[in-house]
């Protein structure tokens, strides 16, 4: 793809699917800062039926060092316990099985956005609760991305919980001309793109 002149590959995925989040962010090294409500409209297939088809839009910078390190397994994400130990605030956190209220987190250097452990299992067990999570996730991603954050990691806890790690991004034309996604370097150990 690089030989053909493609430096970035883009696609969407369901932000409540923890396995997809882990694969896309941790294994491939994608970053995302855009959210789309009901991107595909009503979808009658088994995985999507009955819920809005909300998606996050990801970018995979295939020519960057971080991507190569992720693909080789040399650059691993920290654990969710590590992030909690650092005092990173939750924008959205689970309250038992339910999504909690969105927290006030203005100007935080990093944020956590928790999603259900196994969204498809939750959906099969309780469609109303799955819709609560869909709408809470929507509100959280829209707020975070609207405030200039990007998801750069998906962190897992030893008990199976999972959360996106969000970091602020420089605004176009604003102060701070560092490369996009560099803000995550300090906590994650990831090198700037």
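Arranged from highest to lowest average of other beta-carbon atoms within 10 Å per residue, in what order do the peptides 137-145, 93-101 appear?
With the highest mean Cβ count within 10 Å placed first, the list reads 137-145, 93-101.
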Using Cα pairs closer than 8 Å and at least 6 residues apart in sequence, work out the relative contact order for the range 8-188, in percent. 24 percent
So how compact is the range 45-96: Cα radius of gyration and Dmax in angstrom? 16.6, 41
With only alpha-carbon atoms in the gyration tensor, what are the semi-axes of the equivalent ellipsoid for the range 83-131, in Å, largest first? 25, 11, 8
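Using a ≥ b ≥ c from the Cα gyration tensor of the range 1-133 (square roots of the eigenvalues), is it rounded, prolate or oblate, where a/c under 1.5 gives rounded and otherwise the larger of a/b and b/c decides, a/b for prolate?
oblate
Readers should treat all values here as calculations from the given coordinates under stated rules, not as data from a laboratory. These figures come from a predicted structure and were not determined experimentally. When we count neighbours, we look across all protein chains shown, and the Cβ atoms used for this are built from the backbone with ideal geometry, even at glycine.
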